[in-house]
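Following: one structure in structure tokens, then a few remarks.
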Amino acid sequence: MLYLGCHLSSTGGNVKMVETARAIGANTFAFFTRNPRGSRAKPEDPADAAAAAEMLLEGGFGKLVAHGAYTMNLCTADSEARAFAAEVLADDLRRMAALPENFYNFHPGSHVGQGVEAGIGYIAEALKQAMAPGYPVTVLLETMAGKGSEVGGNFQELKAILDAVGRPDLGVCLDTCHVYDAGYDIVGNLDGVLAEFDRIIGLDRLKALHLNDSKNPFASHKDRHECIGKGSLGLDTFRAIVNHPLLKEKPMILETPNELPGYRQEIAVLRSLEA
Ligand code: FE
Ligand code: FE
Ligand code: ZN
């Protein structure tokens, strides 16, 4: 079973998102837990979350992949801003418990000149503080393009965070645009990249994918998403991904430059690629 979806606006609440997902042929989706470029979160609505959870179950949805705000930098240099980011993470995780058994993905952060090691330490510390014992949501680190001082632009850095936190309920979300931009050739050698992921991180930690084509060539460290089949990854790469035995059961989220009609179309195209 393919679980395909896209980013949806959370403005109308959880039930609304499930309805929108259904209308565009999605059976998973992503949403920002708060304003993606700010820090404001919506008031909580437990009845809406409970109704949505019921609909997800009845509709045979795969796990959802919530996304933390882009502005949340757990390893920024300013200690006050860093503490605020850690609070935002803790608040997001607490809120996500209303939709248990799903995923919460975030960008590890940018160390802004403090060095990768310091960055990893801050990120791990924030996760340890935020993830209560028995926490019902699996937290995912996103593979990054390695733009600027981003942490998580290679598998070793993600593995170092996983090790420093030391919990089984922390995993990885693989973004196809980001890994290709970071220098992992999923176009020419998808199996080789997955083997490397397995050797360094372990494929049991790979929980979800972001499906994006890329506006830029291999290893450009730019992070500019393109519509499926229209960039340097190409349709055949996505055909290989949706049919790959190690990937095809995982939730796949589109973050391509589209509105809902475009997402509906890309979901249909991806489903048609399934052998
Ligand atoms: Fe992301
Ligand atoms: Fe992504
Ligand atoms: Zn990106």
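The set of residues from the stretch 63-107 being more than 29 Å from VAL18 (Cβ to Cβ), aliphatic (A, V, I, L, M) and either within 16 Å of ligand 1 (Cβ to nearest atom) or buried (at least 18 other Cβ atoms within 10 Å of the Cβ) (or both) comprises LEU74, ALA85, ALA86. Can you find a residue in the stretch 169-182 that is open to solvent by 30 Å² or more (accessible area, probe 1.4 Å) and either at positive phi or within 16 Å of ligand 2 (Cβ to nearest atom) (or both)? No, there is no match, as no residue in the stretch 169-182 is open to solvent by 30 Å² or more (accessible area, probe 1.4 Å) and either at positive phi or within 16 Å of ligand 2 (Cβ to nearest atom) (or both).
Of the candidates SER110, SER149, the single residue that is closer than 30 Å to ASP78 by Cβ, within 16 Å of ligand 2 (Cβ to nearest atom) and open to solvent by 10 Å² or more (accessible area, probe 1.4 Å) is SER110. Applying a threshold of 7 Å to beta carbon distances and a minimum spacing of six or more residues, or different chains, the list of pairs starting in the stretch 260-273 at a residue that is free of Cβ contacts under 8 Å to residues at least 60 places away in the same chain and ending at one that is open to solvent by 70 Å² or more (accessible area, probe 1.4 Å) and assigned to a helix (DSSP H, G or I) reads LEU273/ARG239.
Of the set (1) within 16 Å of ligand 1 (Cβ to nearest atom); (2) open to solvent by less than 60 Å² (accessible area, probe 1.4 Å); (3) in contact with a strand residue (DSSP E or B) (Cβ under 7 Å, 6 or more places away or on another chain); (4) not acidic (Asp, Glu), all apply to ILE267 but (1). Return the residues of the stretch 12-33 that are more than 15 Å from ALA49 (Cβ to Cβ) and surrounded by fewer than 23 Cβ atoms within 10 Å (Cβ to Cβ); say none if nothing qualifies. THR20, ARG22, ALA23, ILE24, GLY25, ASN27, PHE32 - these are the residues of the stretch 12-33 that are more than 15 Å from ALA49 (Cβ to Cβ) and surrounded by fewer than 23 Cβ atoms within 10 Å (Cβ to Cβ).
Answer yes or no as to whether LEU211 is among the aliphatic types (A, V, I, L, M), within 16 Å of ligand 2 (Cβ to nearest atom), open to solvent by less than 10 Å² (accessible area, probe 1.4 Å) and farther than 22 Å from HIS111 by Cβ.
On the way: among the aliphatic types (A, V, I, L, M): yes; within 16 Å of ligand 2 (Cβ to nearest atom): yes; open to solvent by less than 10 Å² (accessible area, probe 1.4 Å): yes; farther than 22 Å from HIS111 by Cβ: yes.
Criteria met by LEU211.
Filter the stretch 205-218 down to the residues that are among the basic types (Lys, Arg) and part of a loop (DSSP other than H, G, I, E, B) and list them by number. Result: LYS215, single match. For the stretch 157-168, a residue qualifies if it is free of Cβ contacts under 8 Å to residues at least 12 places away in the same chain and either touching a Leu at 6+ places or on another chain (Cβ under 9 Å) or open to solvent by less than 10 Å² (accessible area, probe 1.4 Å) (or both), but none of them does. Selection of the stretch 121-146 for residues being out of contact with any Lys or Arg (no Cβ under 7 Å at 6 or more places or on another chain) and open to solvent by less than 20 Å² (accessible area, probe 1.4 Å) yields ILE123, ALA124, ALA126, LEU127, ALA130, VAL137, VAL139, LEU141, GLU142, THR143, MET144.
Look at (1) touching a residue at least 60 places away in the same chain (Cβ under 8 Å); (2) closer than 30 Å to ALA124 by Cβ; (3) open to solvent by 60 Å² or more (accessible area, probe 1.4 Å) and you find that ARG199 fails only one, number (1). Among the residues making up the stretch 219-261, those that are part of a helix (DSSP H, G or I), hydrophobic (A, V, I, L, M, F, W, C) and either open to solvent by 10 Å² or more (accessible area, probe 1.4 Å) or closer than 20 Å to LEU140 by Cα (or both) are LEU235, ALA240, ILE241, LEU260. Against the conditions (1) open to solvent by 60 Å² or more (accessible area, probe 1.4 Å); (2) within 15 Å of ligand 3 (Cβ to nearest atom), ASN216 satisfies every one except (1).
The values are calculated or read from the model by the stated rules, or taken from the named source; none is laboratory data. Since we're looking at a predicted model, the values are computed, not measured. Don't worry about glycine lacking a Cβ; one is built from the backbone with ideal geometry, like all the others, and counts go over all protein chains shown. Remember, those area values only see protein heavy atoms, side chains included, never the ligands or the DNA or RNA. Shrake-Rupley method; radii C 1.70, N 1.55, O 1.52, S 1.80 Å.
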